Structure formats: structure tokens, C-alpha cells
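Reviewing the structure listed below.
Read-outs throughout are calculated quantities, based only on the coordinates presented, and are distinct from any laboratory measurement. Treat the numbers as computed from the prediction; the structure is a model and nothing was measured. Note that we place each Cβ from the backbone using ideal geometry, even for glycine, and neighbour counts take in every protein chain shown.
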Ligand code: GLN
């Protein structure tokens, strides 16, 4: 198994570190040539979704990524990655990758609570969660499975081949969420 990690901006090295820890091969995607390499799944890291979106357009990666996700490529988006995958983002009326039936609120926790740490349930397991100027999910379509709620807000969800978290599991030592994703990939193969 090989996972491509989008490496244009943000916390991509941290994802590679966790994959390495659980014995999964990965490589960085920085351009269309990297994208053409064989892969079983994609991780879109946290960072700044506006910057990542701009680079995806400039590098002509947006359409190929969107097409492959729509064809079933397993994808895991954290934080900014979640925003890029959402079909709707509150008060922002333009498309990004826009493959997942969720409605998202950007910078949803405001300035004071912009970044925080907590421990809560994800798919029936208590895990550490680091939030950094995080979005949360305001609404989901019927095909979307909610995997985690923190304080009345949805912070993790899955729709078929797509997994998103508004927190950063790659910044803590728990490998649970990455293993969950790798199971999705393995079950698809
Ligand atoms: N606030 C960022 C955005 O809107 C996301 C923050 C993150 O990825 N940690 O893109």
C-alpha cells in the first residue's frame, strides 16, 4: 500500500511521520508528475485552505484530484483538507475540490478559542484532538456518517471513500484515526 500526501503547504510531514509509525509507505505530491504515481489513497493536510486551493489551481492539480476522488480514491482531509473537500462552506460561494456532502463553517471557534486541545470519542474510541483555527461541520447529507461530536459540533465524518476531521490527529501520538483511514483503503483494495 502507498499513500500520497499532498505537500503544497501545511502539516504534511506530520502525516508522513504517523504513516511511517504504523508501517505504511507514503510519498509527497507537489506537482502533476507526482500525482501520476500509483497510489492507494490521498491525505490532504491542515494548513491554510485558501493557499492550498490557489496552489492546486496553479499546478493544475484540482481537476485530476477531484476526478479521482469521485472515481473512488480514498481520501483523508484534516482541517484545511476538510474545507477543501466540503461541497459547501458558509458564506463562501465558490467551489474547491467540493466532493463531500458536508456544510462547513471556517474558523468556527472564533479568536479566543481558536486553538485548543481535548480528548473525546472518535468512532467509539477516546482519542487526543488538537484544534487549530479549526472549522466544524454544520450539516451533513444522509449518506454521511458522523464519527465524532465535540461540544455539539460535528468534528469528524465519513462519506464512502472520504474521511475528514476538523482536528489534527497527526499532531498527537495516537495513530487511531490514521489506522481507521488505512482500514478504509485496505477494504477498498
Ligand atoms: N483556518 C484554516 C483555513 O481556513 C484551517 C486551519 C487548519 O488547517 N489548522 O484554511
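Restricted to the range 117-144, and to residues that are in a strand (DSSP E or B) and under 15 Å from the mean Cα position of the chain (by Cα), which residue is farthest from the ligand (Cβ to nearest atom)? Within the range 117-144, the match that is farthest from the ligand (Cβ to nearest atom) is 122. Can residue 12 be described as within 16 Å of the ligand (Cβ to nearest atom) and out of contact with any strand residue (DSSP E or B) (no Cβ under 9 Å at 6 or more places or on another chain)? It is false that residue 12 is within 16 Å of the ligand (Cβ to nearest atom) and out of contact with any strand residue (DSSP E or B) (no Cβ under 9 Å at 6 or more places or on another chain). Among the residues of the range 68-97, those that are within 18 Å of residue 43 (Cβ to Cβ), without any contact (Cβ under 8 Å) to a residue 60 or more places away in the chain and touching a helix residue (DSSP H, G or I) at 6+ places or on another chain (Cβ under 9 Å) comprise 68, 83, 84, 96, 97. Can you tell me which residue in the range 145-159 is surrounded by the most Cβ atoms within 10 Å (Cβ to Cβ), limited to those that are under 14 Å from the mean Cα position of the chain (by Cα) and either more than 17 Å from residue 78 (Cβ to Cβ) or within 15 Å of the ligand (Cβ to nearest atom) (or both)? Filtering the range 145-159 for residues that are under 14 Å from the mean Cα position of the chain (by Cα) and either more than 17 Å from residue 78 (Cβ to Cβ) or within 15 Å of the ligand (Cβ to nearest atom) (or both), the one surrounded by the most Cβ atoms within 10 Å (Cβ to Cβ) comes out as 156. Reported count of residues in the range 32-58, each being within 8 Å of the ligand (Cβ to nearest atom) and free of Cβ contacts under 8 Å to residues at least 24 places away in the same chain, is 1. Scanning the range 162-178 for residues that are part of a loop (DSSP other than H, G, I, E, B) and surrounded by 19 or more Cβ atoms within 10 Å (Cβ to Cβ) yields 166, 167, 168.
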